[in-house]
Ligand SMILES: [Zn+2]
Ligand SMILES: [Zn+2]
């Protein structure tokens, strides 16, 4: 996306250092917490919250960062300059790109809709809500959101 197209962005974001910026022309398809240990390690936070976008709606400047594949079928990218987590892509969720809510400028408007991997939630972490909780993966719910 050229700078002149930025007015079309409904969601924007950036990494910690600002070298990488994110622009999305569509609202997320789904927003979720993930309590899995992988997401904890990627974000360094006790729970991750991420937004699922149609990958054709999102652009990264100058690029999507450095790719890391630590688990088969999962590709994550990190800002080449500061290492902020930027994206996650899952072979079993084609066409979607997952972005941590915390790096998006509109995070306050992007409330999660459900919890994934509730069975891995840290026992001292209590989030008091009535959202649906998936004991393990929420991939079926996420795939449905893309339809
Ligand atoms: Zn996870
Ligand atoms: Zn950065």
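The values are calculated or read from the model by the stated rules, or taken from the named source; none is laboratory data. Because the structure is predicted, anything quoted here is derived from the model rather than measured. Reconstructed Cβ throughout: ideal geometry from the backbone, glycine too, with neighbour counts over all protein chains shown.
For the reader, a short list of remarks on this structure follows.
- Any hit, segment 33-51, residues being closer than 15 Å to residue 97 by Cα, more than 12 Å from ligand 1 (Cβ to nearest atom) and modelled with pLDDT of 95 or more: yes
- Identity of the residue in segment 17-32, in a strand (DSSP E or B) and touching a helix residue (DSSP H, G or I) at 6+ places or on another chain (Cβ under 8 Å), that ends up nearest to ligand 1 (Cβ to nearest atom): 32
- In segment 75-93, the residues that are exposed (fewer than 15 other Cβ atoms within 10 Å of the Cβ) and either farther than 21 Å from residue 63 by Cα or in contact with a helix residue (DSSP H, G or I) (Cβ under 9 Å, 6 or more places away or on another chain) (or both): 92
- When segment 125-136 is filtered for residues that are free of Cβ contacts under 8 Å to residues at least 24 places away in the same chain and closer than 16 Å to residue 39 by Cβ, the ones remaining, listed by number, are 133, 134, 135, 136.
- When every residue of segment 33-46 is checked against the conditions, none turns out to be surrounded by fewer than 20 Cβ atoms within 10 Å (Cβ to Cβ) and assigned to a strand (DSSP E or B).
- Which listed residue is surrounded by fewer than 21 Cβ atoms within 10 Å (Cβ to Cβ), more than 27 Å from residue 58 (Cα to Cα) and in contact (Cβ under 8 Å) with a residue 40 or more places away in the chain, from 122, 110: 122
- Single condition residue 23 does not satisfy, out of (1) more than 26 Å from residue 127 (Cβ to Cβ); (2) in contact (Cβ under 8 Å) with a residue 40 or more places away in the chain; (3) buried (at least 18 other Cβ atoms within 10 Å of the Cβ): (2)
- Test for residue 102: is it away from ligand 1 (no atom under 16 Å from the Cβ), in contact (Cβ under 8 Å) with a residue 24 or more places away in the chain, surrounded by fewer than 19 Cβ atoms within 10 Å (Cβ to Cβ) and under 22 Å from residue 141 (Cα atoms): no
- Residue under evaluation residue 80, criteria (1) more than 16 Å from ligand 2 (Cβ to nearest atom); (2) more than 16 Å from residue 142 (Cβ to Cβ); (3) touching a strand residue (DSSP E or B) at 6+ places or on another chain (Cβ under 9 Å), criterion not met: (1)
- When residues of segment 51-74 are limited to those that are in contact with a strand residue (DSSP E or B) (Cβ under 7 Å, 6 or more places away or on another chain), within 23 Å of residue 110 (Cα to Cα) and free of Cβ contacts under 8 Å to residues at least 60 places away in the same chain, the one surrounded by the most Cβ atoms within 10 Å (Cβ to Cβ): 51
- Qualifying residue in segment 138-147 (condition: closer than 15 Å to residue 35 by Cβ and exposed (fewer than 15 other Cβ atoms within 10 Å of the Cβ)): yes
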